[in-house]
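> Dropping a structure here in structure tokens format, bear with me for questions.
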Amino acid sequence: MKVIDKYLSVYAEQEVTELQQFPSSETFEQVIVIPAYEETDDFYQRFLRSSLVHQSVLFIIVINQPETVVINQPETISEPNQVKQATYAEESKQLKLWNTLLAETEQLWQSQKLRLQQIANCNSCLLLVDRFSKNFQIPIKQGVGLARKIGTDLAVWLYRHKHIHSPFIGSTDADATLPDNYFSARPQHPSISIMHYNFKHVSNFGHSIQNDATGKATQLYEKALHYYVAGLSYAGSSYNFYTIGSILAFNAHHYSQARGFPKRSAGEDFYLINKLAKLGKVKNIKNSQILIQSRVSDRVPFGTGPAVEKILELESHQDYLYYHPQLFVELKQTLEAFLVLFFDTINAKSADLNFLDNWSNKLSTPSQDALIAMNFFQVIEKLLKNNNNKTHFDRQINEWFDAFRTLKFLHYIRQHHFQDIPLLEAINNSFFTTD
């Protein structure tokens, strides 16, 4: 527990200090964290109708509102993290959700920003977090990342003090419907740092997405997500996972080791998973599927909502361009070359050759160009000087060439060699099968 203790004392958000007087008698088997901004209580009503609510669960709901910036001329906004002044309707939506959840549950305990509420006729509770009131609002640039971090930090504290029994913390969103086997489908091995569930986008939770424009656009974006992960799998990448905040569960120990969610307005899930993948095993829970509502959203600068909105602006779905399949061939050949890099360089050194040039000449020009742009060869020279063990060397390369640098590699080749093509054409002409 040392890593958790250090995290809680040094890196956790201030809200964990409010748990010091948390009722000692309140314990739960599982915990789920949900950030809520501009949401109704629909997600809570879905929980009440599911079997999850009867499985001793603490639902930590971080109701948040970004700090507002008063802009006299909204059309002059140029920074992506700036927002216009929130309207009264936007601000009151958070308060309405807060009051609704309080009214539908019974209060057990409270502190400055926290309320523990008992859900009727079961042994599950809500832990409501107020980050929407005037003095508690979320800094704009920290957005949903901070909201997730607050909720998860509270979950870690409660796990450390034995109020939560499972070390795995569920991370989801208000637009998701969780399956009845959400907990039972999880493997419990401590070496697993993070899990991601299967997912499917739906309209109005259960209706076909084929019948509306937003649903069709979301389906196309979902195809892109599957195509990208399938391409990474084909290439043999260790980082072939989905980075969707609503389908995750992670180990409290590894989460603490990674120092929690990054406080970002978007992409917080990507950066956290990238860290966790280096600390333990990544597990895809194939026999459990989360349903995600198809909807347009401008609450974050990028992600599913903004992507769907851009697709809706196209005249035809054929105009939706995505990664050329050749990118994943380049990635596959590069990753395979990494596996022989250690021995190739050792042999080249004994023959007094320029070992890195000798190795890189086996790569294609696009891959060489991308690695040069990423300063790969300077990194490798340092690794080789300080490493005589192939296993250790390979692990260090894999950790350096992580999900973020894999994306940079693909984007460089995309920009300079193989430009995007229509997504459906890319899928039909790929060298791999897309789920």
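The values are calculated or read from the model by the stated rules, or taken from the named source; none is laboratory data. A quick note: this is a predicted structure, and the numbers were derived from the prediction, not measured. A quick note on method: Cβ atoms are made from the backbone with ideal geometry, for glycine too, and the neighbour counts reach across all protein chains shown. The protein model used for the area step is the full one, side chains on, heavy atoms only, and it has no ligands, DNA or RNA in it. Shrake-Rupley method; radii C 1.70, N 1.55, O 1.52, S 1.80 Å.
> Condition first: under 18 Å from Phe28 (Cβ atoms), open to solvent by less than 30 Å² (accessible area, probe 1.4 Å), of a type outside the set (S, T, N, Q) and part of a strand (DSSP E or B). Now tell me which residues in the stretch 110-149 satisfy that.
Leu114, Leu116, Cys125, Leu126, Leu127, Leu128, Val129
> Looking at (1) in a helix (DSSP H, G or I); (2) in contact with a Pro (Cβ under 6 Å, 6 or more places away or on another chain); (3) open to solvent by 10 Å² or more (accessible area, probe 1.4 Å), can you tell me which one Trp157 breaks?
Unmet for Trp157, out of (1) in a helix (DSSP H, G or I); (2) in contact with a Pro (Cβ under 6 Å, 6 or more places away or on another chain); (3) open to solvent by 10 Å² or more (accessible area, probe 1.4 Å): (2).
> Could you please let me know if Leu410 is in contact (Cβ under 8 Å) with a residue 12 or more places away in the chain, closer than 21 Å to Asn274 by Cα and crowded, with 16+ Cβ neighbours inside 10 Å?
Yes.
> Restricting attention to the stretch 13-37, which residues are in contact with an Asp or Glu (Cβ under 8 Å, 6 or more places away or on another chain) and assigned to a loop (DSSP other than H, G, I, E, B)?
Glu13
> Just need a number here: residues in the stretch 170-185 that are over 16 Å from Thr243 (Cα atoms) and not in a loop (DSSP other than H, G, I, E, B).
1
> I'd like to know if the stretch 418-430 contains one or more residues that are over 21 Å from Leu363 (Cβ atoms), open to solvent by 60 Å² or more (accessible area, probe 1.4 Å) and assigned to a loop (DSSP other than H, G, I, E, B).
yes
> Moving to a separate point now. Kindly check whether there is at least one residue in the stretch 75-88 that is at pLDDT 90 or above and surrounded by fewer than 15 Cβ atoms within 10 Å (Cβ to Cβ).
So far as the stretch 75-88 goes, no, none of its residues is at pLDDT 90 or above and surrounded by fewer than 15 Cβ atoms within 10 Å (Cβ to Cβ).
> Would you be able to tell me the number of residues in the stretch 1-45 that are more than 15 Å from Ile60 (Cβ to Cβ), at pLDDT 95 or above and among the aliphatic types (A, V, I, L, M)?
Residues flagged as more than 15 Å from Ile60 (Cβ to Cβ), at pLDDT 95 or above and among the aliphatic types (A, V, I, L, M) within the stretch 1-45 amount to 4.
> Still on this structure, I have one more. Pairs under 7 Å by beta carbon, first residue more than 13 Å from Pro66 (Cα to Cα) and touching a residue at least 60 places away in the same chain (Cβ under 8 Å) in the stretch 128-152, partner open to solvent by 10 Å² or more (accessible area, probe 1.4 Å) and of a type in the set (A, V, I, L, M, F, W, C), six or more apart or different chains?
Leu128/Trp98
> Could you run through the stretch 246-281 and say how many residues are open to solvent by 10 Å² or more (accessible area, probe 1.4 Å) and more than 13 Å from the chain's Cα centre (by Cα)?
8
> Please tell me if Asp269 is at pLDDT below 90 and of a type in the set (Asp, Glu).
Judged against the criteria, Asp269 is not a match.
> Restricting to the stretch 202-236, name every residue that is at pLDDT below 85 and either closer than 12 Å to Tyr323 by Cβ or β-branched (Val, Ile, Thr) (or both).
Residues satisfying the conditions are Ile209, Thr214.
> Here is a follow-up. Only one of (1) surrounded by fewer than 16 Cβ atoms within 10 Å (Cβ to Cβ); (2) modelled with pLDDT under 90; (3) polar (S, T, N, Q) is not met by Ser360, so which one is it?
Against the list (1) surrounded by fewer than 16 Cβ atoms within 10 Å (Cβ to Cβ); (2) modelled with pLDDT under 90; (3) polar (S, T, N, Q), Ser360 comes up short only on (1).
> Starting from residues that are part of a helix (DSSP H, G or I) and in contact (Cβ under 8 Å) with a residue 40 or more places away in the chain, keep the ones in the stretch 385-405 and report whichever is farthest from Phe328 (Cα to Cα).
If we take residues in the stretch 385-405 being part of a helix (DSSP H, G or I) and in contact (Cβ under 8 Å) with a residue 40 or more places away in the chain, then Lys390 is farthest from Phe328 (Cα to Cα).
> Moving to a separate point now. Outside any strand (DSSP E or B), modelled with pLDDT under 95, farther than 30 Å from Leu423 by Cα and open to solvent by 10 Å² or more (accessible area, probe 1.4 Å): is that true of Gln188 in this structure?
Taking the combined requirement at face value, the residue satisfies it.
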